[in-house]
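Nothing in this text is a laboratory measurement; each read-out follows from the coordinates by a stated rule. This structure is a prediction, so every number in the text was calculated from the model and none was measured. Ideal geometry is used to build each Cβ from the backbone, glycine not excepted, and the neighbour counts take in all protein chains shown.
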């Protein structure tokens, strides 16, 4: 099988330290608050912010110990919302049906997901979480939150306040 990984571009933004975070906007090459950004500064912000979000997401998923792989956790989280067919899950996760079938088989074998015949279409199965699947989701979220909280504890109160404001903005961007 061919390697389909994409090389990660090293960050051009400075690492966050007590000195750089106090002047984060200027140090990263972005305009200061109240100053209009140039097109180049907006482009740099776009790239830097996207990469930072991706790194945080990747670190939270892979550095916290979990009994299931990240792609399996994603399926469990979808099933927490509502029971679904494998076809629906494949569409949500943007994977092929055979790939989802393998993922679901592992989750069923692990006792995290249950299969039931679709009462309206005998050709389909409905997947739902088991009690163990719900416990697994809760435990993984708790571990991920603990991992992230340990990193936030190393920040100053001012830095955490900036992140609180940024969280609201990022949620608004994500909702669009």
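The ranking of 139, 157 by Cβ neighbour count inside 10 Å, starting from the fewest, reads 157, 139. Using the Cβ-Cβ distance between residue 117 and residue 141 with R0 set to 30 Å, the FRET efficiency from 1/(1 + (r/R0)^6) comes to roughly 0.45.
What is the order of 160, 123, fewest Cβ neighbours within 10 Å to most?
If I rank by nearby Cβ atoms, fewest first, I get 123, 160.
Here the residues 104, 125, 113, ranked from fewest to most Cβ neighbours within 10 Å of their Cβ, fall in the order 125, 104, 113. Distance between the 7 Å Cα→Cβ label points at residue 169 and residue 152: 1.8 nm. Label separation (residue 93 vs residue 160): 3.6 nm, computed from points 7 Å beyond Cα along the C-beta direction.
Note the full-extension length gain between residue 109 and residue 55 as 0.36 nm times their separation in residues minus their Cα-Cα distance, in nm to one decimal.
Computed gain between residue 109 and residue 55 is 16.3 nm.
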